[in-house]
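**Q** This is the structure I want to talk about, given as structure tokens.
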Amino acid sequence: MPKRAIRLCYRKIIDTSSQKTWDKYVFESTYAEFLLQVQFYNQEKKYNSFAEVLLNIPAAEKLHFLVSAAVTGYLQQLGSRIPDITDNLGKHFLNFKNYRFEIINSHIKNKASHQVAINFISEPLIWHDTIGSYLLVSDAGSEKKEDGVITNLVQLQPFLSICSLKEETT
Amino acid sequence: MEHSRKNFLKNFLIGATSVPLILEACKKDTVTETTTTTTTTGTTTTTGSCTVTPTETGGPFPTITPSSLVRSDIRLDRTGVAFTINITIKNKNNGCAALSGALIDIWHCDKDGYYSEYGGTSMQTVDYTAVHFLRGRQTTDANGLVTFTSIFPGWYQSRATHIHIHIYNSAGTSLLISQISFPEGSTSAVALVNASTANGYTKGMTGYTYNASDDVFKDDTTGAQTGTVTGSVSAGYALAITLYVAA
């Protein structure tokens, strides 16, 4: 049976309804950064929404990257752990080194429409089995011990997806 | 066709029913319930699921953190000839007095002509230290001065060597978006640095676009956008320029 190495992706949406402290800080910081940076692409002040800017100034696509500078300090605070997603024991267990930040919506005059997403991409996991709606996984880097390998059960849920798959014949 | 339409409707229903529940789930650390009712060809199936509440020791505790652009040393992982950038901002609306408290964003390319950015579908690594290289933000002091530590920029096709600058007032409102050009000539820093293969500059000046042919700088006949550059390849260079804004 082929050994399947996967990466899980968690798309964390942050908007005005976000309640956690970390999420609120990210919301505030990314909106402030957006207001600064969008002015470069909106020099004639013709547009108000991110969608309008993007539609008319294709180079504004770079705003995803530029505004992400406001997030990096907060990502560091997570200590490499993907937030929110827990295993079936209620513990956070997914590690990440890669992410992609995106601005979903924003508006120069309406903070309430600011909505961003951080796509967390997990480090490689070995997908051993599927039990109901749960995936049985282990760290791809973890050593196999005599009594087996340490595993986690994680439930398939909205905004969590398998975003890469590598099959190796063993 | 009929089949794909059904699938579309099915997907639509799943989307429509789950989204409000997801939003609810994001609000607090409680059990997340997702119930989806799907009707396909006369049969109705209901699947219910819930995930466990996070049950862990508290922390890490978030703290408010400034943008990673706020830094004076913008080199990060980039190498090249040492370069200090001194920019003074003066206010045309206040008798050309120094403007303090202004936010200054600068960015420029590395020795090979590349900017930090991502395109298409690429992702960033959490090697935060290198992601936004050669981009920085500082606030002007009482003398209207900001200083950045960087590496001497290289060049790329159809552009003269330049530094981008965006000046905002203390409230973050854009005052000026401009670019700084460099002096030219056989003994100029631009010529000497780009010939410095020992420091990793490989392009020389073949194919270089000089200021007079540069689309951005060719109308700057008085050199108002050109910085004063002093130093040497071995000791590094320093650029100084004063820019005037209406604040």
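**Q** Report the charge-dipole magnitude of the range B:97-247 in Debye, nearest 20, computed about the Cα centre from +1 at each Lys and Arg Cβ and -1 at each Asp and Glu Cβ. Walk me through the numbers on the way to the answer.
**A** Details: 6 positive and 11 negative charges, 25 e Å.
Its charge dipole is roughly 120 debye.
**Q** Let me ask something else about it. Counting pairs of alpha carbon atoms under 8 Å apart in space and at least six apart in sequence, what relative contact order in percent does chain A give?
**A** It comes to 36 percent, rounded to a whole number.
**Q** Starting at the first residue of the range A:76-83, write each ³J(HN,Hα) from the Karplus equation 6.51 cos²θ - 1.76 cosθ + 1.60 with θ = phi - 60°, in whole Hz, x for Gly and Pro.
**A** Once θ is set to phi - 60°, the couplings for the range A:76-83 become 4, 5, 7, x, 6, 9, 5, x Hz.
**Q** Within the range B:187-208, list the residues whose amide N lies under 18 Å from a label point set 7 Å along Cα→Cβ of B:ASP112.
**A** B:194-205
**Q** Under a no-solvent Debye model with one identical scatterer per Cα of chain A, what's log10 I(q)/I(0) at q = 0.13, 0.20 Å⁻¹?
**A** -0.71, -1.22
**Q** Can I ask one more? Once you compute Rg and the Kirkwood Rh from C-alpha atoms, what is the Rg to Rh ratio for the range A:71-130?
**A** Numbers: Rg = 14.9 Å, Rh = 13.6 Å.
Expressed as Rg/Rh, it is 1.09.
**Q** Now for a different question. Would you calculate, for chain A, the mean residue ellipticity at 222 nm contributed by helices, counting each DSSP H stretch of 4 or more residues as -39,500 (n - 2.57) and dividing by all residues, to the nearest 500? Spell out each step's value before the answer.
**A** Working: 4 runs with 39 residues, N = 170.
Counting only the DSSP helices, I get -6500 deg cm²/dmol.
**Q** If you don't mind, another one. According to a simple spin-label model (label point 7 Å from Cα along Cα-to-Cβ), what is the distance in nm between A:LEU156 and B:ASP77?
**A** Here the answer is 3.6 nm between the modelled labels.
**Q** Over the range A:1-112, with the other protein chains present, what is the accessible area per residue in square angstrom, probe 1.4 angstrom?
**A** Per residue, the range A:1-112 has an accessible area of 43 Å².
**Q** Next up: Direction-averaged shadow area of the convex hull around the Cα atoms of the range B:166-221, nm²?
**A** That works out to 5.7 nm², a quarter of the Cα hull's surface.
**Q** Under 8 Å for C-alpha pairs, at least 6 residues apart: give me the relative contact order for the range A:95-162, rounded to a whole percent. Provide the component values of the computation, followed by the final result.
**A** Details: 97 pairs, mean separation 15.2, N = 68.
With pairs under 8 Å counted, the relative contact order is 22 percent.
**Q** Let me know the mean shielding of A:82-89 by other chains, meaning the per-residue number of their Cβ atoms within 10 Å of its Cβ.
**A** Values: counts 0, 2, 6, 2, 7, 3, 2, 4.
Across the residues of A:82-89, the mean count of other-chain Cβ atoms within 10 Å is 3.
**Q** Here's another thing I want to ask about it. How many percent of the accessible area of the range A:1-88 is carbon or sulfur, using a 1.4 Å probe?
**A** 51
**Q** Let me ask you something else. Alpha carbon centre of the range B:196-212 versus the range B:54-79: separation in Å?
**A** 36
**Q** Continuing with this model, one more query. Please compute the modelled spin-label separation between B:THR139 and A:LEU89, points set 7 Å along Cα→Cβ, answer in nm with one decimal.
**A** 4.6
**Q** Residue by residue through the range A:23-30, what is 3J(HN,Hα) from phi via Karplus (6.51 cos²θ - 1.76 cosθ + 1.60, θ = phi - 60°)? Round to whole Hz and write x for glycine and proline.
**A** 4, 5, 4, 5, 4, 5, 5, 6
**Q** I'd like to compare B:177-188, A:139-150: which one has the highest average count of other Cβ atoms within 10 Å, and what's the full order after that? Display every interim value, and only then the final one.
**A** Working: B:177-188: 15.7, A:139-150: 10.2.
The peptides rank, most packed first, as B:177-188, A:139-150.
**Q** Let me ask you something else. Buried accessible area for the A:B pair, summed, 1.4 Å probe, in Å² rounded to 100?
**A** On the way: alone 10120 and 14680 Å², together 20770 Å².
Roughly 4000 Å² of accessible surface disappears when A and B pair.
**Q** Per residue of A:15-24, what is the mean number of Cβ atoms on other protein chains within 10 angstrom of that residue's Cβ?
**A** Values: counts 2, 0, 4, 3, 4, 5, 4, 4, 3, 2.
Mean inter-chain Cβ contacts per residue within 10 Å come to 3.
**Q** OK, next. Count, for each residue of A:93-104, the Cβ atoms from other chains sitting within 10 Å of its Cβ, then give me the mean as a whole number.
**A** Working: counts 0, 0, 1, 2, 5, 6, 4, 5, 3, 0, 0, 0.
Mean inter-chain Cβ contacts per residue within 10 Å come to 2.
**Q** Now a separate question. Using the beta-carbon distance between A:ARG4 and B:TYR210 and R0 = 56 Å, what value does 1/(1 + (r/R0)^6) give for FRET efficiency, to the nearest 0.05?
**A** Details: r = 57 Å, r/R0 = 1.01.
Computed FRET efficiency for A:ARG4 and B:TYR210: 0.50.
**Q** Follow-up question, since we're still on this one. Taking 0.36 nm per residue of sequence separation and subtracting the Cα-Cα distance, how much length would be gained by fully extending the chain between A:GLN19 and A:LYS111, in nm to one decimal? Please list the in-between numbers first.
**A** Details: separation 92, 0.36 × 92 = 33.12 nm, distance 1.57 nm.
Full-extension gain reported as 31.5 nm.
**Q** Of A:LYS109/B:LYS90; A:LYS20/A:LYS45; A:LYS24/A:LYS91; A:LYS24/A:LYS166; A:LYS3/A:LYS97, which pairs sit farther than 31 Å apart, going by alpha carbon to alpha carbon? Please list the in-between numbers first.
**A** Values: A:LYS109/B:LYS90 29 Å; A:LYS20/A:LYS45 33 Å; A:LYS24/A:LYS91 22 Å; A:LYS24/A:LYS166 36 Å; A:LYS3/A:LYS97 22 Å.
In this structure, A:LYS20/A:LYS45; A:LYS24/A:LYS166 exceed 31 Å between Cα atoms.
**Q** Under 28 Å between alpha carbons, and skipping anything fewer than 8 positions from B:LYS203 in its own chain: which lysines qualify?
**A** A:LYS62, B:LYS111, B:LYS218
**Q** Note down the relative contact order for the range B:188-247 as a percent, whole number, built from C-alpha pairs under 8 angstrom at least six residues apart. Walk me through the intermediate numbers first.
**A** Details: 47 pairs, mean separation 15.8, N = 60.
After rounding, I find 26 percent.
**Q** Something else now. For the range A:73-170, what is the largest minus smallest coordinate of the Cα atoms on each principal axis, given in angstrom and ordered from greatest to least?
**A** Result for the range A:73-170: principal-axis Cα extents of 60, 29, 29 Å.
**Q** Along Cα→Cβ, 7 Å out, is where each label goes; now give me the distance between the ones at B:TYR156 and A:GLU168 in nm to one decimal.
**A** 3.6
**Q** Then there is this: Using the heavy atoms of the protein chains and a 1.4 angstrom probe, tell me the accessible area per residue for the range B:147-233 in square angstrom. Working shown, then result.
**A** On the way: 3860 Å² over 87 residues.
Accessible surface, normalised per residue, equals 44 Å².
**Q** Taking θ as phi - 60°, what are the ³J(HN,Hα) couplings along the range B:207-216 by the Karplus curve (6.51, -1.76, 1.60), each to the nearest whole Hz, with x for Gly and Pro?
**A** Working through the residues one at a time gives x, 5, 9, 7, 3, 5, 9, 7, 4, 7 Hz.
**Q** Which of the GluC sites (Glu not before Pro) across the range A:27-94 are loop residues per DSSP, with 11 or fewer other Cβ within 10 Å? Don't skip to the answer; put the middle values down first.
**A** Numbers: sites: A:GLU28, A:GLU33, A:GLU44, A:GLU52, A:GLU61; in loops: A:GLU44.
Qualifying residues, ordered by number: A:GLU44.
**Q** Please give the contour-minus-distance gain from A:GLU52 to A:LYS145: 0.36 nm per residue of separation, less the Cα-Cα distance, rounded to one decimal in nm.
**A** Numbers: separation 93, 0.36 × 93 = 33.48 nm, distance 5.56 nm.
Roughly 27.9 nm would be gained on extension.
The values are calculated or read from the model by the stated rules, or taken from the named source; none is laboratory data. All values reported here derive from a predicted model rather than from experimental measurement. Quick reminder, even Gly has a Cβ in these numbers, built from the backbone with ideal geometry, and neighbours come from all protein chains shown. The protein model used for the area step is the full one, side chains on, heavy atoms only, and it has no ligands, DNA or RNA in it. Shrake-Rupley method; radii C 1.70, N 1.55, O 1.52, S 1.80 Å.
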